[in-house]
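To start, the structure under review is shown below, and the notes come after it.
The values are calculated or read from the model by the stated rules, or taken from the named source; none is laboratory data. The structure displayed is predicted, hence computed values, not measured ones. Using ideal geometry, Cβ is built from the backbone for each residue, glycine included, and neighbour counts are taken over all protein chains shown.
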Amino acid sequence: MTAKTIKSIAIYCGSNFGQSEAFAAQAKALGEHLAKQKVTLIYGGTRKGLMGVVADAALEHGGEVIGIIPQNLFDKGQLHPGLKSYEVVADLKIRKSRMEVLADAFIAMPGGYGTLEELFQVLTLTQLELMDKPCCVLNVAHFWDPLHNMLSAMTASGFLKQEHMDMLLFESDVDKVLAHLSRWVRPQVNKWIEPPQTKL
């Protein structure tokens, strides 16, 4: 199996900090790790919450960071002041599209609605064979355990194939994320599941 070359990663994460200090600590560690590995960080462009933490860490260690920020947030002064490379786009839909184009892979850290939406969009595109890029959740302080349980329930209930459940990587160690992403292979199965036999 040929390893994928990962030169850029889109990070999806909260614009809040969350209740655990572990969230910010791991965001900082991830930003530093990407910078040291010379992997470009693609993210939402703001200085808020974990988004700001991961960008700060990458910039502090000499990493390349590209922010993609919607016009309304830019107008509110939320652009990270340290960014040299950024795009101001019309809306969230275009922001997601640009991040998907620019990134070779995706990592989701703890976050809220926006993080989940971004994560599930790339998973859906991959499931439908419209994208061939790895996706991982950084499972800080077991934050993503409930998601794993939900995916297991979808699979057990016949709405998700096991291969498509397994295509989302779960990792808790920042230092292992890049290696796992580089070994990822898209499932070679379609999404449709045969209906259960009707009992007469």
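Picking from GLU163, GLU129, which residue would you name as being acidic (Asp, Glu), on the phi < 0 side of the Ramachandran plot and out of contact with any Leu (no Cβ under 9 Å at 6 or more places or on another chain)?
GLU163
Which ones in the stretch 1-50 are among the hydroxyl-bearing types (Ser, Thr, Tyr) and buried (at least 20 other Cβ atoms within 10 Å of the Cβ)?
TYR12, THR40, TYR43, THR46
Scanning the stretch 72-96 for residues that are assigned to a helix (DSSP H, G or I) and within 11 Å of GLY45 (Cα to Cα), which turns out nearest to the chain's Cα centre (by Cα)?
ARG95
Among the numbered conditions (1) within 30 Å of VAL185 (Cβ to Cβ); (2) crowded, with 21+ Cβ neighbours inside 10 Å; (3) not charged (D, E, K, R), tell me where VAL53 comes up short.
If we test VAL53 against (1) within 30 Å of VAL185 (Cβ to Cβ); (2) crowded, with 21+ Cβ neighbours inside 10 Å; (3) not charged (D, E, K, R), just (1) comes out false.
How many residues does the stretch 1-19 hold that are at pLDDT 95 or above and either under 29 Å from PRO187 (Cβ atoms) or touching a Pro at 6+ places or on another chain (Cβ under 8 Å) (or both)?
Residues in the stretch 1-19 being at pLDDT 95 or above and either under 29 Å from PRO187 (Cβ atoms) or touching a Pro at 6+ places or on another chain (Cβ under 8 Å) (or both): 10 in total.
If a residue has to be among the acidic types (Asp, Glu) and in contact with a Gly (Cβ under 9 Å, 6 or more places away or on another chain) to count, how many in the stretch 1-51 make the cut?
The number of residues fulfilling the criteria is 1.
Looking only at the stretch 47-71, count how many residues are within 24 Å of GLN19 (Cα to Cα) and either part of a helix (DSSP H, G or I) or in contact with a His (Cβ under 7 Å, 6 or more places away or on another chain) (or both).
11
Working only within the stretch 122-142, note down all residues that are more than 14 Å from PHE106 (Cα to Cα) and within 14 Å of the chain's Cα centre (by Cα).
Passing the criteria: only VAL140.
Can you tell me how many residues in the stretch 1-39 are in contact with a strand residue (DSSP E or B) (Cβ under 8 Å, 6 or more places away or on another chain) and in a loop (DSSP other than H, G, I, E, B)?
Here the count works out to 6.
Given (1) assigned to a loop (DSSP other than H, G, I, E, B); (2) farther than 17 Å from GLY49 by Cβ; (3) of a type outside the set (Gly, Ala, Ser), where does THR124 come up short, assuming only one miss?
(1)
Return the residue satisfying two criteria in turn: it lies in the stretch 156-189 and is in contact with a strand residue (DSSP E or B) (Cβ under 6 Å, 6 or more places away or on another chain) and touching a residue at least 60 places away in the same chain (Cβ under 8 Å), and of such residues it is nearest to LEU30 (Cα to Cα).
Filtering the stretch 156-189 for residues that are in contact with a strand residue (DSSP E or B) (Cβ under 6 Å, 6 or more places away or on another chain) and touching a residue at least 60 places away in the same chain (Cβ under 8 Å), the one nearest to LEU30 (Cα to Cα) comes out as VAL177.
Let me spell it out: the conditions are (1) acidic (Asp, Glu); (2) within 19 Å of GLU171 (Cα to Cα); (3) surrounded by fewer than 17 Cβ atoms within 10 Å (Cβ to Cβ), and ASP91 meets all of them except one. Which number is the exception?
(2)
Could you please give the count of residues in the stretch 151-182 that are out of contact with any helix residue (DSSP H, G or I) (no Cβ under 9 Å at 6 or more places or on another chain), more than 23 Å from ALA105 (Cα to Cα) and assigned to a helix (DSSP H, G or I)?
So the count comes out to 2.
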